[in-house]
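Novice: Below is a structure I'd like to ask you about.
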Amino acid sequence: MNDLLFARSQMALSLAFHIVFAVIGMAMPVLMVIAEARHLRTRDPIDLELCKRWARGTAVLFAVGAASGTVLSFELGLLWPAFMDLAGGIIGMPFSLEGFAFFTEAIFLGLYLYGWNRMGPRAHLGAGIIVALSGLASAVFVLTANAWMNAPAGFTLTDGRVTAIDPVAAMLNPASLQQVVHMTLAAYLAVGFGVAGVHAWFLLRSRAHAFHRRALRIALGMAVLCAPLQIVSGDRIAKMVARIQPAKFAAMEGHYRTMARAPITLGGLADDDAMVVRGGIEIPAMLSVLAHGRADAEVTGLEDIPRTDWPNTKLVHLAFDVMVGCGFALLALAIWVSVSWLRRRDPGPWLLRALVAAAPLGFIAIEAGWMVTELGRQPWIIYGIMRTADAVTPMRGLVAPFAAITALYLLLTVVVVLVLRRMFMATSPAAGVP
Amino acid sequence: MSHAFLLEVVILVSLVFYALSGGADFGGGVWDLLARGPRAEQQRAAIDHAIAPIWEANHVWLIVVVVVLFSAFPPAFGAIMTALHVPLTLVLIGIVLRAAAFVFRKYDVQTSRSPHRWGRVFGVSSLFTPFLLGLCLGALASGEIRVTDGQVVTGFFAGWTRPFAIACGLFAQGLFAFLAATYLTVDTAGNTELCRDFRRRALGAGLALAPVAGLVFLLARAGAPRIFAGLTGAWAPPLLLTTSVAALAALGALWTRRFRLARAAAALQVACILLGWALAQYPFVIVPDLTFADAAAPPNVLRLLTYVFAAGTVVLAPSFYYLFRVFKGSGASAAGPGH
């Protein structure tokens with residue numbers, strides 16, 4: 001591996017690690033606030049207990065998320081100084097706004113976690129609402145900066161120099177809205193099903209457990225609401241990518257030949273040399289419909305894109321199918337849950353088992369989705385403007401920081417899993433009486 | 001006043017706040033590591049109690065510095081991150097380990113050994129992270145990092161491997177430990193014995209700081225000539241006087257057990273030291289080749305950023321006020337270590 005690949009791997013690893021904690025830090029406060037608001041209305045001690053236990057787990061995960069987010073903000077410069085040199089002035093504004101949102105989130109999370117006995121109940125709930133809202137705002141701002149890398153706007157490039165910078169236009173670039181909606185829904189969906197899976201696991205052991213039943217209901221409420229919306233959002237963002245990043249879209253779909261009535265290929269391994277996808281299932285004309293809304297629409301294939309500008313088709317297509325597969329699996333599960341609710345039944349053992357099995361799917365979809373976004377943009381760091389290879393630090397020996405960060409994050413992953421596991425096991429309250 | 005200047009002030013003010021709050025949290029980690037005697041566990045509990053609700057927020061000041069730097073002065077950010085790649089990567093490892101160890105220790109289900117193991121990691125990372133941050137600031141001031149046409153030409157070891165930078169690192173460590181112990185005398189005012197422990201530590205750290213400060217000054221003559229010249233400039237005597245008076249006042253107030261006064265004086269001392277360094281280094285981001293003006297983004301970008309920071313301050317100031325009133329206000333400090 002060369003230094004560029006080490007730099008990319010370090011960035012990828014840092015993102016992949018951080019995103020899990022970031023979405024938890026974003027979505028858990030929503031669940032906590034729902035439980036606490038219920039408690040204020042009903043005075044049911046179960047809701048309060050639930051809120052406090054969720055808050056303890058969130059405290060751990062938020063801390064790791066904040067630290068790994070700091071790592072990313074430095075790595076932008078440590079690994080890609082030329083990128084930041086060019087882009088800093090253009091996308092600095094959303095990052096600054098994100099800084100303030102994060103500040104607000106950290107301040108009110110401190111109040112929320114440690115202020116139980118120092119604030120009135122409404123002020124405490126208010127702090128929780130601010131944490132949830134500023135977490136959402138944080139995500140929105142950061143996503144617009146990433147969207148700008150896909151759809152650079154708000155500046156003119158003349159002889160390699162950036163002029164006429166308009167940070168507002170950069171922030172409101174053509175990819176922003178779709179990316180913001182898709183990732184926000186992904187966060188609530190993944191955390192909703194993730195939390196539901198944990199409580200479903202406990203319910204399989206003790207079916208009448210009021211505490212876990214309540215937890216399951218709140219978590220599923222969020223997840224079931226987001227699942228169908230996410231499919232709609234996925235369709236919208238795919239059409240957007242087809243329009244502004246044809247190379248990424250072609251790689252996602254393993255689509256080599258430009259044609260009308262283009263078929264979609266589900267699954268399979270893309271082979272760049274033969275320009276075919278092996279082992280996939282083809283559905284005629286479906287890709288034209290999905291990309292442009294008409295069966296006779298022409299879809300650009302990779303053949304019309306210079307070979308040097310191709311992303312890694314094999315990985316991008318695979319990651320895309322994993323993401324979509326997880327999304328539809330969660331939609332099916334959401335329908336199953338809704339049907340059981342409509343019949344006013346408690347989730348049966350098979351549904352609980354399915355929920356346990358599905359707990360990681362949302363997170364897998366998020367990781368795969370980021371692989372599609374980031375790998376699909378290659379070889380560009382700013383699409384069509386700057387190549388990743390031209391942005392990398394002149395620093396040599398990047399294997400060393402890569403190895404250090406990898407070791408650190410592997411260690412933390414193991415420890416976080418152990419700590420959470422112990423928290424779940426040791427603090428599961430006795431049935432009925434929390 | 002230009003927008004660039006206002007954003008330079010934002011960087012300085014954020015650095016001061018980071019030192020006063022986040023720096024003291026690192027200092028707290030150092031005292032956790034050095035907790036000794038029959039009340040070692042109580043000392044640790046007091047430190048934990050003091051920093052747990054606020055350390056996440058305090059940490060964000062560092063992110064503000066980074067964000068202003070890359071938004072308003074992008075080439076400076078690129079150059080700093082290139083020249084100081086090695087120590088900054090170590091800083092990041094320190095930040096991650098400190099945060100993770102702190103919450104693991106606090107929230108992990110108690111087994112007999114694990115709190116101590118995480119406590120050790122928390123303490124050690126709190127010890128070396130400020131050292132590395134001081135090292136980086138020293139390197140930027142040293143004049144040994146050279147930048148030509150926006151490119152760093154002196155490699156990856158210039159500046160931060162020199163005695164001056166190392167002295168700056170030690171000074172930062174000592175300063176944060178002194179701050180933390182001084183704050184803790186106020187936080188533990190309700191517990192005579194604990195308060196005495198931290199008073200003794202604050203006095204010890206404050207006295208130990210004097211020779212380190214002298215060392216930084218002496219090494220600056222050869223190691224950071226620009227800073228040394230700056231420290232003998234026209235504005236320097238009143239500032240040096242204020243710093244010295246604040247330092248003596250802090251020690252005197254600790255000695256006479258006026259802890260709130262000691263806390264204020266120690267904070268003033270730290271703010272003056274950073275202000276002095278900033279004035280001596282101005283207008284350079286990286287001495288001697290890169291000024292803030294060289295690195296500034298276009299005027300319209302700077303103007304917009306100034307508005308963002310003005311609006312942000314309107315949100316942040318009352319939020320911070322509320323946070324500190326709830327946890328550090330009168331009545332809050334006397335409370336013993338919580339759950």
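Rule-based calculations on the coordinates, nothing more; no lab input. Keep in mind that this is a model prediction, so the values were computed, not measured. Cβ: placed from backbone, ideal geometry, glycine included. Neighbour counts: every protein chain shown.
Novice: Against the 2.2 N^0.38 Å scaling, with N counting residues, where does region A:129-204 land? I'd like the Cα-based Rg ratio to two decimal places.
Specialist: Ratio of Rg to 2.2 N^0.38 Å for region A:129-204: 1.57.
Novice: Still on this structure, I have one more. Within 10 Å of each candidate Cβ there may be at most 12 other Cβ atoms; applying that plus a DSSP loop requirement, which trypsin sites (Lys or Arg not before Pro) in region A:331-434 survive?
Specialist: A:ARG343, A:ARG344, A:ARG345, A:ARG396
Novice: Starting with the highest mean, order A:278-286, B:127-135, B:201-209 by the number of other Cβ atoms within 10 Å, averaged over the residues of each peptide.
Specialist: Output ranking for A:278-286, B:127-135, B:201-209: B:127-135, B:201-209, A:278-286.
Novice: Something else about it: Could you tell me the ratio Rg/Rh of region A:172-248? Both radii from Cα atoms, Rh via Kirkwood.
Specialist: Result: Rg/Rh = 1.20.
Novice: Continuing with the same structure: Taking the radius of gyration and the Kirkwood hydrodynamic radius from Cα positions alone, what is the Rg/Rh ratio for chain A, to two decimal places?
Specialist: Radius of gyration relative to Kirkwood radius: 0.99.
Novice: Ok, one more. Return the lysines within reach of A:LYS52: Cα separation strictly under 18 angstrom, same-chain partners fewer than 8 residues apart disregarded; answer none if there are no such residues.
Specialist: Output for A:LYS52: B:LYS106.
Novice: From the P(r) of region B:1-126, could you give the percentage of C-alpha pairs in the tail past 18 Å?
Specialist: The answer is 59 percent, as a whole percent.
Novice: Jot down the radius of gyration and Dmax of region B:142-269, Cα atoms only, both in angstrom.
Specialist: 17.9, 59
Novice: Name the long-range amide H neighbours of A:ARG387: under 5 Å, sequence gap of 5 or more, or other chain; modelled H, no Pro or chain starts.
Specialist: Residues meeting the criterion, in which the H sits 1.01 Å from N, are A:ILE381.
Novice: Given Cα pairs under 8 Å that are at least 6 residues apart, what percent is the relative contact order of chain B?
Specialist: Working: 479 pairs, mean separation 79.4, N = 339.
Dividing the mean separation by the residue count of chain B yields 23 percent.
Novice: On to the next question. For region A:174-395, how big is Rg over Rh, using alpha carbon atoms and the Kirkwood form of Rh?
Specialist: Rounded to two decimals, Rg over Rh is 1.06.
Novice: Another question about this same structure. Going by amide H atoms built from the backbone, whose H comes under 5 Å of the H on A:ASP271, apart from near neighbours?
Specialist: Under 5 Å from the amide H of A:ASP271 lie the amide H atoms of A:VAL276, A:VAL277, A:ARG278, each far enough along the sequence or on another chain.
Novice: A further question follows. Can you give the percent of C-alpha pairs in chain B whose distance is more than 29 Å?
Specialist: Looking at chain B, the distances longer than 29 Å represent 39 percent of pairs.
Novice: Okay, moving on. Springs between alpha-carbon atoms under 10 Å, Gaussian network over chain A: tell me which of A:TRP116, A:TRP54, A:TRP370 tops the mean-square fluctuations.
Specialist: Its mean-square fluctuation being the largest, the pick is A:TRP116.
Novice: To check my understanding: the extent here is largest minus smallest coordinate of the Cα atoms along each principal axis. What are those three numbers for the protein assembly as shown, in Å, largest first?
Specialist: 83, 70, 42 Å, listed from the longest principal axis down.
Novice: Once you list every other residue whose beta carbon is under 12 Å from the beta carbon of B:ASP48, what net charge do they have if Lys and Arg are +1 and Asp and Glu are -1?
Specialist: That sum, taken over residues with Cβ under 12 Å, equals -1.
Novice: Let me understand region A:317-415 better: what is its radius of gyration from the alpha carbons, and its Dmax, in angstrom?
Specialist: Cα-based Rg and Dmax for region A:317-415 come out at 20.3, 63 Å.
Novice: Please list the radius of gyration and Dmax for region A:243-309, considering alpha-carbon atoms only, with Å as the unit.
Specialist: 11.0, 30
Novice: Cross-link candidates for A:LYS239: which lysines have Cα within less than 25 Å, leaving aside residues fewer than 8 places away along the same chain?
Specialist: In chain and number order, the partners are A:LYS248, A:LYS314.
Novice: With a 10 Å cut-off between alpha carbons and a GNM built on chain A, which of A:ALA186, A:ALA63, A:ALA250 moves the most?
Specialist: Among A:ALA186, A:ALA63, A:ALA250, the largest mean-square fluctuation in the Gaussian network model of chain A belongs to A:ALA63.
Novice: Normalising by the residue count of region A:278-434, find the relative contact order in percent from Cα pairs under 8 Å and 6+ residues apart.
Specialist: 21 percent
Novice: A further question on this structure: What ratio of Cα Rg to 2.2 N^0.38 Å holds for region A:45-187?
Specialist: 1.26
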